[in-house]
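The structure under discussion appears below in the form of structure tokens.
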Amino acid sequence: MVHGWRAIFWVLAGIGVVALVAAYIRLPETLRPEYRQPFKLSSILKRFGELVRHKAFMGYAFTGTFQFAALLSFLSGSPFLFIERYGVTPRAYGLIFGGMVVFMTIGSLLNAKFAPVFGAGKILRYAVIVPAIVGPAALIMAVIEAKYGTIGMWPFLLCFGPQIATISLIGPNSMAMALQRYPHMAARRRR
């Protein structure tokens, strides 16, 4: 390593700055003129206050939030579970993690293909069934595994795969459904 492990973060920061500048220069304003509001903190806070009082918006926002929390739980807990508890080598864990990325990619590709056909609401309605089933199932298995040690690794993988795949279905569709009723509150770029 020439620059150490922190160099990746500087590279990512640089890519982020380049992407931000490119978006600012190249992306046109899409908010209709009649919806444009001044870019002031008081205006932003007022619109935010309006959003958090709408039950539909908050329902969709929490749906995406809980699914993202599940992803973060997997990211933070799976190394311990697989490497420490089940003795998986770091290389094998990398393959497991890569497999989960494949599941997320498949979910994204399916969402891109079927969202225009079925709509975000319908996909979301069915996609939330998966974590509603596999989440409690994984929790029950974890309690049994912690007490008796009889479950093993593979049933957890069978739960995590579909759970991770639905992140790509739930996240974007919950966001789309949350924002579709509020086009007049969309963010606007300063020019």
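The values are calculated or read from the model by the stated rules, or taken from the named source; none is laboratory data. Quick caveat, the model's predicted, so the values are computed rather than measured. Heavy atoms of the whole protein, side chains included, go into the accessibility calculation; ligands, DNA and RNA do not. Shrake-Rupley method; radii C 1.70, N 1.55, O 1.52, S 1.80 Å.
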Quiz prompt | All-pairs Cα distance distribution in the chain, expressed in whole percent, bin size 5 Å | solution = 1, 6, 11, 13, 14, 15, 14, 11, 7, 5, 2, 1, 0
Quiz prompt | Accessible area of residue 108 in the full protein assembly, 1.4 Å probe (Å², nearest 10) | solution = 60
Quiz item: Put 110, 45 in order of accessible area, largest first, 1.4 Å probe: what do you get?
Solution: 45, 110
Quiz prompt | Hz values of 3J(HN,Hα) by residue in region 131-145 - Karplus curve (6.51, -1.76, 1.60), Gly and Pro given as x | solution = x, 5, 9, 6, x, x, 4, 5, 5, 4, 4, 5, 5, 5, 5
Practice problem: Give the cross-link partners of residue 55 among the aspartates and glutamates, using a straight C-alpha distance below 15 Å as the criterion and excluding same-chain residues fewer than 8 apart. | Solution: none
Quiz item: How long, wide and thick is region 108-170, going by the Cα atoms along their three principal axes, in whole angstroms, largest first?
Solution: 47, 18, 10
Quiz item: Reachable aspartates and glutamates from residue 122, Cα under 12 Å, same-chain residues fewer than 8 places away excluded?
Solution: none
Quiz item: How big is the gap, in Å, between the Cα center of region 1-75 and the Cα center of region 107-163?
Solution: 26
Quiz item: Probe 1.4 Å, all protein chains in place: accessible area of residue 141 in Å², nearest 10?
Solution: 30
